[in-house]
Amino acid sequence: MNECLIAEFPLHEGKTVTIKGWVANRRSSGKVSFLILRDGSGICQAIVERETFAGPYEEIKKLPLESSVIASGRVVAESRSPGGFELHVDGLDIVQKSEEFPIGKKEHGPDFLLNNRHLWLRSPRQIAIMRVRDALVRHVREFFHTNNFTLIDTPIFTTTVGEDSSNLFSLDYFDLGKTYLSQTGQLYLEAAIFGLGKVFCLGPTFRAERSKTRRHLTEFWMVEGEMAFFEHKDNLELQENFVTYIVQNTIREMADELTKLERDIEPLKKVAPPFYRVSYDEALEILHKEGSDIQWGSDLGGDDETIITNLFDKPVFIENYPKKVKAFYMKQHPERPECVLCADLLAPEGYGEIIGGSQREDNYDVLLKSIHDQKLDPERYGWYLDLRKYGSVPHSGFGLGIERTLSWICGLKHVRETIPFPRMLYRAYP
Ligand code: 4AD
Ligand code: MG
């Protein structure tokens, strides 16, 4: 038995092979059945002819979709067939005859599909998105490793609020009281730069946000970089190079999948340094011209971001937000103490924020005051404040949301399709 993957068919042309997979589609007549088989590596058309087939043809003829099978036959080049090859089947074992599959060709609503996410993951669109996700994450890791970063795995249980105390998932931690699910690995990355210079983490993060938008998940994956001796300007340049690297490599490698998703990649090909830089104040001017009545000191909402990004053909940094709408750790602007040295990176085509980043406050006293001002408990930040006592340096970092970035690359309307099992305000099943 010469077992192989469908993806390996080009190496086996003319030979007899065995493949293991599922019936993704079927068209049958009294004499011949055309099965589309899927094995995880690809799809192929398998032809079963009653005349030459050794087994019970009648069973194959009515084989339900998603039945699992082991098929043997000859690999024949056929340019019209998906993948460019066909399997002329002489033996086919049914591993399990499927019950009627709930997801069919007709349109299903999002709730139905999400309730059946465990089955929906088999559909061609979802397979394509998961492949793009895999490529994206691989290129993210590659970028950091080729730029002298060291991976630091940061904890998920934490007692230090990283971002915003209003959206924490908390739980009882034995006799120690409340701990939280991490919103960010950043604070711990900051500790690691003193030994390793440039570090990154990639893992799940949690936000108990009561937002029901197309951009929000309660559990999402974030990649974060943190760099010693790095100022705001250096931070933006690194992010430009990083985003360009992951976008260009992913669209090059995943061209077939993106075609399947009907994503026009021309706008993505334009992603190259330099990105646009717009100050928060300029962003407000733009919004006012577009009819918004946003006041200085408010954070930009999703709709504001959509308006701005529709005006630019490349990603845009919005720099120097008011201190009061950003996290406590951001470095105070040297000329404008009411602002911080930070930037959000907004993806074009209406997608909005994919990165939040900043230079960090490296002065002990200013940081302590910020902690007090934001009504955080300084006791819990003892270790974090320590970092400003022993060889403090200018340092900066950023965090990129994998799902938002993937939804931009794939051209999806909602982040819920970018993660295998989405967790949202009203969904924790399956
Ligand atoms: O802007 P955020 O909150 O920044 C941080 O957490 C910093 N500590 C990062 C750092 O400087 N190391 O989140 C970063 C990114 C956002 O730009 C967005 O892409 C994503 O994480 N994100 C979410 N994605 C999906 N659902 C949510 N609820 C998200 N919240 C943030
Ligand atoms: Mg943010």
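The values are calculated or read from the model by the stated rules, or taken from the named source; none is laboratory data. Just so it is clear, the structure is predicted and the values come from calculations on it, not from any experiment. Heads up, the Cβs are rebuilt from the backbone with ideal geometry, glycines too, and the neighbour counts pull from every protein chain shown. Remember, those area values only see protein heavy atoms, side chains included, never the ligands or the DNA or RNA. Shrake-Rupley method; radii C 1.70, N 1.55, O 1.52, S 1.80 Å.
Classify the range 1-63 as rounded, prolate or oblate, taking a ≥ b ≥ c as the square roots of the eigenvalues of its Cα gyration tensor: rounded when a/c is under 1.5, otherwise prolate if a/b is larger than b/c and oblate if not. Because a/c hits 1.5 or more and a/b exceeds b/c, the range 1-63 counts as prolate. When the alpha carbon coordinates of the range 1-107 are projected onto the principal axes, the ranges are 36, 32, 25 Å, largest first. Considering only Cα atoms, the convex hull volume of the chain works out to 178 Å³ per residue.
Local charge for residue 147 was computed over the other residues whose Cβ lies under 14 Å away, with Lys and Arg +1 and Asp and Glu -1, and equals -3.
Overall, the accessible surface of the chain at a probe of 1.4 angstrom is composed of carbon and sulfur to the extent of 51 percent. Between the residues 47, 288, 357, the greatest Cα displacement towards the positive end of the dipole of the chain, with unit charges on the Cβ of Lys, Arg, Asp and Glu, is found for 47.
The simple spin-label model puts a point 7 Å past each Cα toward its Cβ; for residue 52 and residue 208 those points are separated by 6.4 nm. Report summary: the helix-based calculation at 222 nm, which adds -39500 (n - 2.57) for every DSSP H run with n ≥ 4 and divides by the residues of the chain, gives -8000 deg cm²/dmol.
Projecting label points 7 angstrom from Cα along Cα→Cβ for residue 292 and residue 115 puts them 3.8 nm apart. For the range 153-170, backbone nitrogen atoms closer than 19 Å to the point 7 Å from residue 324 Cα along Cα-to-C-beta are found at 164-166. Normalising the average separation of contacting C-alpha pairs (under 8 angstrom, six or more residues apart) by the number of residues puts the relative contact order of the range 144-265 at 21 percent.
Computed from Cα atoms, the angle from the helix 186-196 axis to the main principal axis of the chain rounds to 80 degrees. Distance between the pseudo-spin-label points of residue 32 and residue 277 (7 Å out from Cα toward the beta carbon): 6.4 nm.
In a DSSP loop and with at most 13 other Cβ atoms within 10 Å, the GluC sites (Glu not before Pro) in the range 187-264 are 262. In this structure, residue 234 and residue 1 have a Cβ-Cβ separation that, at R0 = 56 Å, corresponds to a calculated FRET efficiency of about 0.45. Straight Cα distances below 20 angstrom link residue 369 to the lysines 323, 324, 326, 331, 389, with same-chain residues fewer than 8 positions distant left out. A Förster radius of 22 Å, combined with the Cβ-Cβ distance separating residue 170 from residue 429, puts the computed FRET efficiency at roughly 0.50. Annotation note: trypsin sites (Lys or Arg not before Pro) in the range 1-59 located in DSSP loop regions with a Cβ neighbour count of at most 15 within 10 Å are 15, 31, 50.
You can think of it this way: the chain between residue 303 and residue 269 has 9.7 nm of extra reach, that is 0.36 nm per residue less the Cα-Cα gap.
At a probe size of 1.4 Å, how large is the accessible area of residue 373, to the nearest 10 Å²? The value for residue 373 is about 80 Å². If a paramagnetic tag sat 7 Å from the Cα of residue 338 along the Cα-Cβ line, which residues of the range 280-310 would have the backbone N under 12 Å from that point? From the range 280-310, the list is 281, 296-298. Take the Kirkwood radius over Cα pairs of the range 229-310, plug it into Stokes-Einstein at 10 °C and 1.306 mPa s, and you get 104 µm²/s for translational diffusion.
For residue 383, the accessible surface of its heavy atoms amounts to roughly 80 Å² (probe 1.4 Å, protein chains only, rounded to the nearest 10). Loop-located trypsin sites (Lys or Arg not before Pro) in the range 319-405 (DSSP state other than H, G, I, E, B) with a sparse environment of at most 13 neighbouring Cβ atoms within 10 Å: 375, 389. Think of each Lys and Arg Cβ as +1 and each Asp and Glu Cβ as -1; about the Cα centre, that makes the dipole of the chain roughly 1100 debye.
Taking other residues whose beta carbon is less than 13 angstrom from the beta carbon of residue 218, and scoring Lys, Arg as +1 and Asp, Glu as -1, yields +4.
Centroid-to-centroid, using Cα positions, the range 101-140 and the range 9-67 are 23 Å apart. Dipole of the chain computed with +1 at Lys/Arg Cβ and -1 at Asp/Glu Cβ about the Cα centre; of 421, 12, 87, farthest Cα towards the positive end is 87.
Overall, the range 108-233 carries a charge dipole of about 780 debye about its Cα centre when +1 sits on the Cβ of Lys and Arg and -1 on the Cβ of Asp and Glu, all other atoms neutral.
Among residues other than residue 335 with Cβ under 15 Å from its Cβ, the summed charge is 0 (Lys and Arg +1, Asp and Glu -1). Taking all protein chains together, 355, 36 sort by accessible area into 36, 355, largest first [probe 1.4 Å]. Across the options 177, 126, 140, the greatest Cα extent toward the positive end of the charge dipole of the range 117-418 (unit charges at beta carbon of Lys, Arg, Asp, Glu) belongs to 126.
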